[in-house]
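Working notes, structure below.
The values are calculated or read from the model by the stated rules, or taken from the named source; none is laboratory data. From a predicted model like this one, the values you see are computed outputs, not experimental measurements. Note: ideal-geometry Cβ built from the backbone for every residue, glycine included; neighbour counts use all protein chains shown. For accessibility, only protein heavy atoms count, side chains too; no ligands or nucleic acids. Shrake-Rupley method; radii C 1.70, N 1.55, O 1.52, S 1.80 Å.
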Amino acid sequence: MSSELNRGIQTHRETHPLTWRISAAGGPVVDLDRYIALEGFSGLRKALTLDPVDLQKLVKDAGLRGRGGAGFPTGIKWSLIPMGPDAGQKYLICNADEMEPGTFKDRFLMEDLPFQLVEAMVVSAYAIGASVGYIFLRGEYILAAQRLNAAITAAKNNGFLGSNILGSGFSFELHVHEGAGRYICGEETALINCLEGRRANPRTKPPFPQQAGAWGRPTIVNNVETLCNVPDIVLKGAAWFKELSQGRSSDAGTKIYGVSGRVKYPGLWELPIGTTAQEIVDLAGGMQDGLELLTWLPGGASTDFLMPEHLALAMDYDTIGKAGSRMGTGLLMVVDNQQDIVKVVGNLMMFMARESCGWCTPCREGLPWTLKVVRAISDGQGHQGDIEWLQEMTRFLGPGKPFCAHAPGAMEPLQSALKFFRRDFEKGIRVGN
Amino acid sequence: MIIRDRGEPLVLSSEERSAIEHAMHHYADPRAATIDALKIVQKQRRWVSDAAIDAIALILGVSAADVDGVATFYNRIYRRPVGRHVILVCDSIACYLTGYENVYTRIQETLGIKPGETTADDRFTLLPVVCLGACDRGPALLIDEDTHVQVTPDQIGKLLEQYP
Ligand SMILES: Cc1cc2nc3c(=O)[nH]c(=O)nc-3n(C[C@H](O)[C@H](O)[C@H](O)COP(=O)(O)O)c2cc1C
Ligand code: SF4
Ligand code: FES
């Protein structure tokens, strides 16, 4: 059973570049002829007539920002890769690890439109001069693996992949690399270690993957949704892409937003970037009967909670950032008023502690300890000073202190919960000690 | 000095060997096929024994310690025996909000095992798993290769019957 897509909105070819084909076909497009009939591979045909460096510039001018969570401008990332005849072997990796709790958009894009990602990877590989690519897919996405592998085979048999693609002289080999389950594999340098057959501990940056990534070679890592935007940018231009946000945001393009939690119709929607959180929750039918919205996470388990009054904000990188959170993956998770917020934080912290890769002490030791204290408070067994101690931890494990961004991400829901729901934490402190 | 008894050497089947060799060709360095190799062996044998680690190390040309380092890092490589079917229950936040705990408890009651345990008849092993990317349809769980969504405690009996 697939996720519900675009419930209650009309999709058009011009305004919904990522999902219109699924609506037009009335379901998944997993057959090559069907994809081609829906204008598939026309972005690739055009790309192959252009100069790779011009393609990089086009993506930069379009203002595409990474959809994997950090929002880094894709064209700028690409422009840092060495080009020219002496650049040697380069790699393109699609980050399809998608293990951020509350996130389910990449799964959908790969299951229901696998050729779009294949096409996007060939175009992107051509733009950066990569001859080999990997789709780094989490092992639990079994249907996605089947469909992607079938799409790769069909594309290869029909000249869209492999050597001398469509007679252009450009060659590109693409493989699906399946992981075996660890959240940290989504961090791009840990991902590269995993790909190389090592324990997936992150690497020091610099060097950045663009300089020295897989097997020490220049490597670009991009999220599934980021890449899927590329063929249409090539086909329709930077100005068209910028207008997709319909003036709702200084960011460009559409975004696949989603809602989970106890709303009436959880699902996914492709909308102009900068659509307000309220509009998205409304599309999901609002809260289930008898429930009210207590608080919400804008984009996954490693973002700060926001309150009902923040629903009026535009869901884009800068607006949500200014409100003290992060847009992250853009998939909203709503917490209803029947939930115990300290227990909710405990669940998030359990995930974070378990998924620490163990490389650096503050995270390996600090997250389980933090979990223990949060659990004690939710059991009514907290001690005087625990809340202050938790606040100290959000600073100790904050940005720049541990080795990678995992532990700072883990602290985001906690620090915001302590800010908005301090009373609930105080209730779990035992009196008299 | 304690020397671990690694048991009888294990000989990989020709299918396992050729699948591993095929995977090796996808990468600049055979070591990159470590996860593929572990999964190939696990698919045949359900879990990865010490002897299997040695056999994989030999074919990839890396040390057994390196292979074990990879095997023990990832959640879904099993270094201890598991049952014929592995049940992975998502315990992340969206499934928490939609009530995975009731489902998890019902499975434990039905099978008489706790998370991390295997039933006496070797039929099921129960483990938690992080977000399965089905957060809009929670509670979600994975049994072998099948994702089940919007699972309710009352469905558990029927659901498990599908896995003899
Ligand atoms: C702990 C952690 C987990 C991450 N998981 C993912 C993931 O599952 N998918 C993803 O695309 N990016 C993930 N990222 C972000 C990547 O490191 C990287 O920024 C991203 O893949 C770059 O692609 P983009 O620029 O297209 O967004 C994660 C980062 C961290 C720190
Ligand atoms: S912060 Fe955590 S996940 Fe990142 S390197 Fe340190 S231990 Fe590993
Ligand atoms: S939280 Fe359970 S599938 Fe995402």
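Here region B:22-83 exposes an accessible surface that is 52 percent carbon and sulfur, computed with a 1.4 Å probe and the other protein chains kept in place. Region B:87-164 and region A:102-118 have Cα centres spaced 24 Å apart. Tell me, Kirkwood radius of region A:2-242 from alpha-carbon pair distances, in Å? Kirkwood hydrodynamic radius for region A:2-242: 17.8 Å. In terms of Cα atoms, the Rg and Dmax of the protein assembly as shown work out to 23.8, 79 Å.
Placing dummy labels 7 Å off each Cα toward the beta-carbon, the span from A:Lys264 to B:Asp50 is 6.1 nm. With distances taken between every two different alpha-carbon atoms, region A:292-343 has a Kirkwood hydrodynamic radius of 11.0 Å.
Tell me the per residue accessible area of chain B using a 1.4 Å probe; a whole number in Å² is fine.
On the way: 7690 Å² over 164 residues.
Computed with neighbouring chains in place, this is 47 Å² per residue.
Per residue, region A:261-336 exposes 29 Å² of solvent-accessible protein surface, assessed with a 1.4 angstrom probe and all protein chains in place. Peptide B:19-26 has a mean of 1 when you count, residue by residue, the C-beta atoms of other protein chains within 10 Å of its C-beta. For A:Tyr91, the residues whose modelled amide H falls within less than 5 Å of its own, excluding neighbours fewer than 5 places apart on the same chain, are A:Thr219, A:Ile220. Averaged over the residues of peptide B:89-102, the number of Cβ atoms from other protein chains lying within 10 Å of each residue's Cβ is 6. Largest accessible area first, the listed residues B:Tyr163, A:Tyr265 line up as A:Tyr265, B:Tyr163 when surface is computed with a 1.4 Å probe on the assembled protein chains.
With a 1.4 Å probe, what is the total accessible area buried between chains A and B, in Å² rounded to the nearest 100? If you can, show how the numbers build up before the last one.
Working: alone 17230 and 9760 Å², together 23020 Å².
Chains A and B together bury approximately 4000 Å².
The modelled label-to-label distance for the pair B:Asn102/B:Thr152, using points 7 Å beyond Cα in the direction of Cβ, is 0.8 nm.
For a Förster distance of 30 Å, can you work out the FRET efficiency between the beta-carbons of A:Asn149 and B:Ser63, rounded to the nearest 0.05?
Values: r = 31 Å, r/R0 = 1.03.
Efficiency computed from Cβ-Cβ geometry: 0.45.
Express the C-alpha Rg of chain B as a ratio against the empirical globular expectation 2.2 N^0.38 Å, rounded to two decimals. It is 1.18. Approximating the spin labels as points 7 Å out from Cα along Cα→Cβ, the A:Ala87-to-A:Glu309 distance works out to 4.9 nm. Computed from the C-beta positions of A:Thr15 and A:Ser79 and an R0 of 30 Å, the FRET efficiency is 0.60 to the nearest 0.05.
What is the ratio of the Cα radius of gyration of region A:341-426 to 2.2 N^0.38 Å, where N is its residue count, to two decimals? Please report the intermediate quantities before stating the final value.
On the way: Rg = 11.8 Å, N = 86, 2.2 N^0.38 = 12.0 Å.
This ratio for region A:341-426 stands at 0.98.
Straightening the chain between A:Leu50 and A:His383 buys 113.4 nm, computed as 0.36 nm per residue apart minus the Cα-Cα spacing.
Here, region B:76-148 has an Rg and a Dmax of 11.8, 35 Å when only alpha carbons are counted.
If Rh is defined by the Kirkwood formula over all Cα pairs and Rg also comes from Cα, what ratio Rg/Rh do you get for region A:147-279? Kindly include the intermediate steps, with their values, before the conclusion.
Values: Rg = 18.7 Å, Rh = 18.2 Å.
Across region A:147-279, the Cα-based Rg/Rh ratio is 1.03.
Working from Cα pairs under 8 Å separated by at least six residues, relative contact order for chain B is 18 percent.
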